[in-house]
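Q: Take this structure, written in structure tokens, and hold onto it; I'll ask about it next.
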Amino acid sequence: MNAGTTRARRTACTALALALPLAALAACGGGSGTGASAEQGSGTGTITVWAHQGQASEAAALQSAVKTFNSSQKKVKVKLTLIPDTDYTKTITATEASRLPDVMEFDGPTMANFVYNKKLAPIDSYVSARTLSNATPAIKAEGRFEGKQYGLGMYDSGLGIYGNKKLLDAAGIKYPTGPSDNWTATEFTAAVKKLAAGDSDGKSLDLQESGGFANEWGTYGFAPVVWSAGGSLLKNGKAEGALDTPAVVSALKTFQSWKKYVDPNTDGNAFAKGRVALSWVGHWMYPAYGKALGKDLVVLPLPDFGNGPKTGQGSWAWGIGADTKNGKAAGAFLDSLLNDTNVTAMTTANGAPPGTRTALAKSTLYKQGGPLQLYADQLAKACGDTNIDKSCVAVTRPVTAGYPTVTAKFSQALSDVYGGADPKSALNKAARAIDQDFSDNDGYKLQ
């Protein structure tokens, strides 16, 4: 990498650090672009584990899983360190590979960059075949890079439209009954307008805009508009011709047209208090919305812009440090951590979709007939990050070491469009910037 390239990369990283809480600094390691493999070791002794310190219930579930593992056998002892989630990704980024733990949690979209910077090793040889086969297709897709599995998650995520049945019925709005019966973008827009026309303040939709869109929520929440329009954030390592197609431009014009009907939701209660009838958000709002609306809550798929409805997916995942000297022991712990008992305890704590097939099928919320079955149905139709056609629904954000640049440039373009910018110009600018960064970094290819 020449000096000019290094300078460009550092400049981009400074911007990312300010703009991306989720993936801050993830593209800013030294990065020779070569992968790494862990040593198998004896399969005995003490291993170190790092995890993000999420909500108290999640931390308790993880601590319980570690305690159970330690007491269930005498060969391996796990030493767990919890790091505040706001500092977690920065901590991994700033730590030399040789000083990273044997097992570490990471935010899904940062995985490829950590592989690129030689901080993660493939787990295929260390976790059991059963653990791998029981992971859901979407979980496996997010943790797979260059043909190898680097991560598996205890839980996943998903997007949908929450609707207030009482308000929808009062306005005479027909709404979807399931994932195969979705609104088209035109039908959704018409519903938003009709609901707004009968509302005292003319607002009918919540897009969780209070924190803005020039951040990971912008990408996670609204890349599905791009995918549903037949576009992509990145295709064959390039954004131009994928992100800025006429169909994507048209879709973002539609997105832009919703702004006048959107409640800014500065108090976070626009939907729960009945100020709007529709909320575009993820599974994590179900507890609050379910409590507020009860039987009036309906869960609907995102609208179809032509290539079928799409949703984001992915969350925190687990992998093995590239410099571990005890991959066998690390794999044994991951087998235990990712069993249904621990996965169920964790997803009971945080309400997320379970990351294993068997736990998902038994989940009170996500099983067939459960209130959040839609999310499980969507995750069962996983696209990965490349084969985004009409037959699949859950799309993985681009699995590339350059992801922080992709998300920074796309989310800024989305924010600009929402603020009134011309969609074609904004998308063209984002695509050029992404492609320039990838060119500067030789496509972020592993050597």
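Q: So, counting K/R as plus one and D/E as minus one, what does the shell of residues with Cβ under 9 Å around D435 add up to?
A: Details: positive: K238, R432; negative: E240, D437.
Net local charge, D435 excluded: 0.
Q: Let me ask you something else. Provide the percentage of antiparallel DSSP beta bridges, counting only those with both residues in the chain; round to the nearest 5.
A: If we restrict to bridges inside the chain, about 55 percent are antiparallel.
Q: Can I ask one more? Would you mind counting up the charge near P264? Only other residues with Cβ under 15 Å from its Cβ, with Lys and Arg at +1 and Asp and Glu at -1.
A: Combined, the nearby Lys, Arg, Asp and Glu give -1.
Q: Sticking with this structure for a sec: Would you grab the residues whose amide H sits under 5 Å from the one on Y155? Only those 5+ places off in sequence or on another chain, please, with H modelled 1.01 Å from N.
A: When sequence neighbours closer than 5 places are left aside, the close amide H contacts are G355.
Q: Then there is this: Solvent-accessible area per residue for the chain at a 1.4 Å probe radius, Å²?
A: 40 Å²
Q: Moving on to the next point. In a solvent-free Debye calculation with one equal scatterer on each Cα, what is log10 I(q)/I(0) for the chain at q = 0.14 Å⁻¹, listed in the order of the q values?
A: With no solvent term, the Cα-only Debye profile gives -1.32.
Q: Tell me the angle of helix 423-440 to the major Cα principal axis of the chain, expressed in degrees between 0 and 90 and rounded to the nearest ten.
A: Between helix and principal axis, roughly 10 degrees.
Q: What is the packing order of peptides 394-406, 212-224, 122-134, taking the mean over residues of other C-beta atoms within 10 Å and listing the highest first?
A: For the peptides 394-406, 212-224, 122-134, the packing ranking is 394-406, 212-224, 122-134.
Q: A further question follows. May I ask which of K203/K291; K77/K445; K235/K362; K148/K445; K291/K362; K259/K367 have a Cα-Cα span longer than 26 Å here?
A: Distance filter (> 26 Å) returns K77/K445; K235/K362; K259/K367.
Q: When the helices in the chain are scored as -39500 (n - 2.57) per DSSP H run of 4 or longer and the sum is shared across all residues, what 222 nm value do you end up with, to the nearest 500 deg cm²/dmol?
A: Details: 17 runs with 184 residues, N = 447.
Helix contribution divided over all residues of the chain: -12500 deg cm²/dmol.
Q: Sticking with this one: Please report the net charge: other residues with Cβ closer than 15 Å to the Cβ of V417, K and R +1, D and E -1. Could you put the intermediate results ahead of the total?
A: Details: positive: K253, K259, K260, K409, K424, K429; negative: E209, D244, D416, D422.
Local net charge: +2.
Q: Keeping all protein chains in position, work out how much accessible area C383 exposes to a 1.4 Å probe, and write it in Å² to the nearest 10.
A: About 10 Å², ignoring ligands and nucleic acids.
Q: Any chance you could give the angle, 0 to 90 degrees and rounded to 10, that helix 327-337 forms with the longest Cα principal axis of the chain?
A: So the helix axis and the longest Cα principal axis differ by about 40 degrees.
Q: Report, in degrees rounded to the nearest 10, the 0 to 90 angle that the Cα long axis of helix 403-418 makes with the longest principal axis of the chain.
A: That works out to roughly 10 degrees.
Q: Could you list the square roots of 5 times each eigenvalue of the Cα gyration tensor of segment 322-411, that is, the equivalent ellipsoid semi-axes, sorted largest first and rounded to whole Å?
A: Values: eigenvalues 125, 120, 29 Å².
They are 25, 24, 12 Å, listed from largest to smallest.
Q: Using every alpha carbon pair in segment 230-364, what percent of pairs falls into each 5 Å bin from 0 up to the bin containing the largest distance?
A: 2, 7, 12, 13, 14, 14, 14, 12, 8, 4, 1, 0
Q: Another one. Nearest 20 debye, what's the magnitude of the dipole of the chain about its Cα centre given +1 on Lys and Arg Cβ and -1 on Asp and Glu Cβ?
A: 460 debye
Q: Still on this structure: Can you tell me how segment 129-220 classifies by the Cα gyration tensor, rounded, prolate or oblate, using a/c under 1.5 as the rounded cut?
A: Values: a/c = 3.43, a/b = 2.16, b/c = 1.59.
Cα axes put segment 129-220 in the prolate bin.
The values are calculated or read from the model by the stated rules, or taken from the named source; none is laboratory data. Small disclaimer: the values here were computed from a predicted structure and weren't measured. Cβ atoms come from the backbone with ideal geometry, glycine included; neighbour counts cover every protein chain shown. The protein model used for the area step is the full one, side chains on, heavy atoms only, and it has no ligands, DNA or RNA in it. Shrake-Rupley method; radii C 1.70, N 1.55, O 1.52, S 1.80 Å.
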